[in-house]
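Throughout, read-outs are computed from the coordinates displayed, never taken from laboratory work. Note that the structure is a prediction, hence the values are computed from the model and not measured. Here Cβ is always computed from backbone atoms with ideal geometry, including for glycine, and neighbour counts include all displayed protein chains.
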Amino acid sequence: MDSQFHSQLKTKKSFLEGLKRGEILFSQCEKCSQKYLPPREICKVCGSKSLALKPVDLSHAKVVACTFIQVPPERYSNEEGYGIAVVEFKDNLRLLGRLNTALKDPIKIVGLNVKVVVEKSKPDFWFEL
Ligand SMILES: [Zn+2]
């Protein structure tokens, strides 16, 4: 297993630990201040491995891109289909996630604010209008 793959696993684990506490975590480079969401272990800008995990401010979450999956994968086969949205938080942090909505028109959804729901027990997260 190469070190990049290993560090991706480690940050994925940290991200899941954050969800268990009800937080979406990003990482910020302590050297050049670059922010990463989902979090990274190694800074792409300066190569530093000193990155701090911090919770995203979830009070401002706006849809910047959206699409709908009409034929869901097996895991969600009991659903009619669902949205996938890129949501932007403060400081231009962006995250891809599921969007639970009855609206199926992406054009009507881009620009709207969403609520971030974190299900600590799974752990999982999704967006709601
Ligand atoms: Zn950096």
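Here are some notes:
- Cα-based reach from LYS10 at 24 Å (exclusive), listing lysines while leaving out same-chain residues under 8 positions away: LYS20, LYS31, LYS35, LYS44, LYS49, LYS54, LYS120, LYS122
- Relative contact order of the chain, pairs being alpha-carbon contacts under 8 Å that are 6 or more residues apart, as %: 22 percent
- Sequentially through region 104-111, phi angles give Karplus couplings (6.51, -1.76, 1.60; θ = phi - 60°) of 10, 9, x, 5, 7, 9, 4, x Hz, Gly and Pro residues having no value and appearing as x.
- In the chain, taking the dipole from charged Cβ atoms about the Cα centre, the farthest positive-side position among SER14, ALA102, VAL117 is held by SER14.
- In order along region 56-63, the Karplus-derived 3J(HN,Hα) couplings, from 6.51 cos²θ - 1.76 cosθ + 1.60 at θ = phi - 60°, round to 6, 6, 8, 6, 10, 9, 10, 6 Hz, and Gly and Pro are given as x.
- Label-to-label distance for ASP105 and SER121 is 3.7 nm, based on points extended 7 Å past Cα in the beta-carbon direction.
- Amide hydrogen neighbours beyond the local backbone of HIS60, cut-off 5 Å, H modeled: LYS90
- Scalar couplings 3J(HN,Hα) for region 116-129, obtained by applying the Karplus form with A = 6.51, B = -1.76, C = 1.60 to θ = phi - 60°, are 8, 9, 10, 9, 4, 6, 6, x, 7, 8, 7, 10, 10, 6 Hz; x denotes Gly and Pro.
- FRET efficiency for the SER59 to LEU9 pair, using the beta carbon distance and R₀ = 25 Å, is estimated at 0.25.
- Helix 3-20 axis, angle to the chain major axis (alpha carbon atoms, nearest 10°): 60 degrees
- Long-range HN-HN contacts of LEU99 with modeled amide H, under 5 Å: GLY83, ILE84, ALA85, PHE127
- Over region 21-129, the ratio between the Cα radius of gyration and 2.2 N^0.38 Å evaluates to 1.18.
- Whole-percent P(r), region 3-55, all Cα pairs, 5 Å bins from 0: 5, 25, 30, 24, 13, 3, 0.
- Full extension of the chain between ILE69 and LEU16 yields a length gain of 16.7 nm, computed as 0.36 nm times the residue separation minus the alpha carbon distance.
- The helix-only estimate of mean residue ellipticity at 222 nm for the chain, built from DSSP H runs of length n ≥ 4 each weighted as -39500 (n - 2.57), is -5000 deg cm²/dmol after division by the residue total.
- Other-chain or far-sequence residues with amide H under 5 Å of LEU25's (modelled H): VAL56
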